[in-house]
Each structure stands twice: as structure tokens, then as C-alpha cells.
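Okay, so here's the structure we're looking at.
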Amino acid sequence: MKKIVLFLGVVGVFGSLFAADAQTLLEQNGCMACHNIMGKKTAPAFMGVARRNLRFEGANAKANIINSIKNGSKGKYRYFTNTQMPPFPNISATDLDTIATYILSLKPPKGARRGQGGGMGGGRGMM
Ligand code: HEC
């Protein structure tokens with residue numbers, strides 16, 4: 001458990017350092033046409049993506065996110081089973097890393113939900 005909290009902390013720090021960069025990448029690559037940071041669009045919100053991956057993928061969360069961006073994804077999110085995430089094979093490894101780190105930083109560590117604007121503080125002012 002301690003390890004997970006520590007991991008989230010590290011991710012959080014990097015996430016905020018690279019937030020501006022990551023947001024530019026998300027805009028430039030057209031991700032925001034389907035995704036929102038918070039709240040569903042035609043694809044799951046990145047906050048929900050962070051939550052799901054941290055819960056189900058654990059230490060593999062980042063690798064899984066990178067893989068899904070590169071190769072596409074389908075059938076993981078129940079509200080989006082009639083659509084899919086297209087593959088983006090041309091995004092560089094560095095950029096994929098920046099994007100994945102940022103997405104994971106959107107989920108606050110367990111227990112930090114209250115007192116941080118209900119856990120949604122990370123998304124405020126980002127859009
Ligand atoms: C055409 C719409 C569309 C675009 C454009 C799009 N996505 Fe998605 N994305 C989706 C859908 C739909 C899902 C849900 C897939 C599923 O259920 O497995 C998804 C899922 C994801 C996931 C979660 C994958 C997982 O394994 O948990 C990530 C991360 C993601 N998208 C990142 C991105 C990034 C980064 C970009 C831009 C480079 C992008 N998406 C562009 C539609 C889109």
C-alpha cells in the first residue's frame with residue numbers, strides 16, 4: 001500500500017511539471033476531439049482512465065496506457081463498447097511517456113479526495 005501511495009506521489013509531481021506539455025500534445029494529436037479531462041465525451045474522461053488503470057493495472061498502469069494509445073483500445077470501458085480508440089502509431093516514445101504520466105497524475109491518491117476540491121481540483125482550469 002505504501003508503495004502505491006509513493007508511486008502516486010511521484011506521478012503527481014511529474015504530472016504537474018509536464019502538465020502544460022502534455023496538454024499541448026493531447027490537443028495537437030486530436031485526443032480532445034473524443035476525450036475530456038473530466039466528464040464523458042465520445043470517449044472516457046482521462047480522470048476515469050487514470051482511476052481504472054490504477055485500480056486494475058497497478059504497476060502496469062503506465063505501460064498499459066502507452067500501449068492503448070499506440071495500438072488503440074476497445075471494450076474496456078462499458079459506456080463505450082460501441083466505439084473504440086484508434087491507434088496512434090506515430091507518437092514518439094517520449095511523448096507517449098509524457099501523456100501517460102499526465103493522465104495518471106489526474107487521479108489523486110486515495111484519501112486525498114476530500115480537501116482537494118472533492119478530488120476534482122486537478123482538473124480545474126485545465127480546459
Ligand atoms: C475517435 C475518438 C478517439 C480519439 C481521437 C482518441 N481516443 Fe482515446 N479512447 C477512445 C475510446 C472510445 C476509448 C475507450 C476504449 C475502450 O473502451 O477500450 C479510449 C480510451 C483511451 C485510453 C484508455 C485505454 C486503457 O487501456 O485504459 C487512453 C489512455 C486514451 N484513450 C488516450 C488517448 C490519447 C492520448 C489520444 C490522442 C493521441 C486519444 N485517446 C484519442 C476514443 C478516442
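The values are calculated or read from the model by the stated rules, or taken from the named source; none is laboratory data. Quantities reported herein were computed from a predicted structural model and do not represent experimental measurements. Here the Cβ positions follow ideal geometry from the backbone for every residue, glycine too, while neighbour counts run over all protein chains shown.
Looking only at segment 42-71, count how many residues are in a loop (DSSP other than H, G, I, E, B) and either of a type in the set (Phe, Trp, Tyr) or touching a Cys at 6+ places or on another chain (Cβ under 6 Å) (or both). Steps first, please.
First pass over segment 42-71, keeping only residues in a loop (DSSP other than H, G, I, E, B): 42-45, 57.
Okay, now just the ones that are also either of a type in the set (Phe, Trp, Tyr) or touching a Cys at 6+ places or on another chain (Cβ under 6 Å) (or both), so 42-43.
Qualifying residue count, segment 42-71: 2.
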Among the residues of segment 24-44, the number that are under 11 Å from the mean Cα position of the chain (by Cα) and surrounded by fewer than 18 Cβ atoms within 10 Å (Cβ to Cβ) is 1
Can you tell me which of (1) more than 6 Å from the ligand (Cβ to nearest atom); (2) surrounded by 13 or more Cβ atoms within 10 Å (Cβ to Cβ) is the one ASN90 doesn't meet? (2)
Of the conditions (1) touching a residue at least 24 places away in the same chain (Cβ under 8 Å); (2) in contact with a helix residue (DSSP H, G or I) (Cβ under 8 Å, 6 or more places away or on another chain), the single one that GLY48 does not satisfy is (2)
Residues being in a helix (DSSP H, G or I) and either hydroxyl-bearing (Ser, Thr, Tyr) or within 6 Å of the ligand (Cβ to nearest atom) (or both) - total across segment 27-41: 2
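For PRO108, state whether it is part of a loop (DSSP other than H, G, I, E, B), at pLDDT 95 or above and farther than 14 Å from HIS35 by Cα.
No.
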Within segment 61-77, does at least one residue satisfy the condition of being at pLDDT 95 or above, more than 9 Å from the ligand (Cβ to nearest atom) and under 13 Å from the mean Cα position of the chain (by Cα)? yes
